[in-house]
1. Hey, what do the phi angles of region 72-86 turn into as Karplus ³J(HN,Hα) couplings, whole Hz, using 6.51/-1.76/1.60 and θ = phi - 60°, x for Gly and Pro?
2. Below 10 angstrom from the Cβ of GLY58, what's the summed charge of the other residues (Lys, Arg +1; Asp, Glu -1)?
3. Lys and Arg at +1, Asp and Glu at -1: add these up for the other residues within a Cβ distance under 13 Å of ALA157 and post the number.
4. Kindly provide the pair-distance distribution of region 177-289 built from C-alpha pairs, with 5 Å bins from 0 and whole-percent values in order of increasing distance.
5. Which of the listed residues, GLN153, GLY128, ALA187, is farthest toward the dipole's positive end in region 104-206, when Lys, Arg count +1 and Asp, Glu count -1 at the beta-carbon?
6. Please work out, to two decimal places, the log10 of the ratio I(q)/I(0) at q = 0.11, 0.19 Å⁻¹ from a Debye calculation in which every Cα of region 107-215 carries one identical scatterer.
7. Could you grab the Rg to Rh ratio for the chain? Cα atoms only, Kirkwood for Rh.
8. Could you sort out which of LYS178/LYS248; LYS39/LYS68; LYS74/LYS143; LYS178/LYS225; LYS42/LYS88; LYS56/LYS225 sit more than 21 Å apart by Cα distance in this structure?
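The values are calculated or read from the model by the stated rules, or taken from the named source; none is laboratory data. What you see is a predicted model; the values in this text were computed from it and never measured. We place every Cβ from the backbone using ideal geometry, glycine too, and count neighbours over all the protein chains shown. In case anyone asks, the SASA skips ligands and DNA or RNA and just uses the protein heavy atoms, side chains included. Shrake-Rupley method; radii C 1.70, N 1.55, O 1.52, S 1.80 Å.
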Amino acid sequence: MRKSIGLLAVAAAIVVGCSKDKVEVIDGVKIQFHTHDSKSQKLKDGDIITFDLVIKNGADSVLQDSRKEPQPGKGMVQPPNNAPGAFKGTFENGLRLLSVGDSATILVPIDSLIKSVQAPLPPFLKPGTDLKYTVKILKVQSKAEFEKEMEAQAAAAKKDAAKRLAQEPALIAAFIAKSGKKYEKTASGLNYFIEKPGSGPSPKNGETWVVNYRGTFLDGKEFDKGDKAEMPLGQMIPGFNEALTLMKAGCKARFVIPSGIAYGEQVQPGGPIPPNAVLVFELEVISKK
């Protein structure tokens, strides 16, 4: 599985059955409640939860922050491991102590992790310290409720994708016209404008080239960026592969990649790129690796 109370007037009503910001051990779980409402819906095994999660090591270095991702985390509340000798202070067991709207930090001792996983841990997880999971429960659903929501989201996404696909030719034409640049177009539909010609041989499939790039949508919103990134031709989306073959070392160019030679409908659910998205890339080829 991959947010404190500010108003004293409501603190007494919200913090019930636990001490705010005091580290406690409950059912073997080392936990620090920041907000807790005993009257709120309790989490139970099988619930699907939506949550914000920040994971830090003992030095308070952030290892993961779901708030910086496109969508909050989701996962299922798992039943506890009641096997003899099983480690009870897991993050998953800590979730079972929370209610909807609760915020808490679940502290998992690294020493216990070492024993339970029986494998070397990364060097940033030091023995004698805790791995800190600060979680806020945003929503709780039954499995049936979650599946119904996913179906509705999939239907809405499919409708939006179809709309984008129908509008694509006109949107690309408008983008190119607004740029004031004279773009060329290949047989595949790739639109390109060479800002600075390069020299030497062009990249070929099977080769790896080092490039600087910036990817945006037609509205200018950035979804990806890389400096001195290694690009293996033939292993990327068709439009990007083709774009590189039109360039040479030192070349700078802009490309408008239609969805059919980009990701089409095959994108990561909830990811930064929606289905049937037109992609715009600014590319600079540095050298062959």
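1. x, x, 9, x, 9, 6, 9, x, x, 8, 9, 5, x, x, 5
2. Numbers: positive: LYS56, LYS126, LYS132; negative: ASP60, ASP130.
Neighbourhood net charge equals +1.
3. Taking every other residue near ALA157 into account, the sum is 0.
4. Whole-percent P(r) values from 0 Å outward: 2, 12, 23, 26, 21, 11, 4, 1, 0.
5. Highest projection toward the positive end goes to ALA187.
6. Log10 of I(q)/I(0), two decimals: -0.87, -1.09.
7. Reported Rg/Rh, Kirkwood definition of Rh: 1.10.
8. LYS178/LYS248; LYS39/LYS68; LYS178/LYS225; LYS56/LYS225
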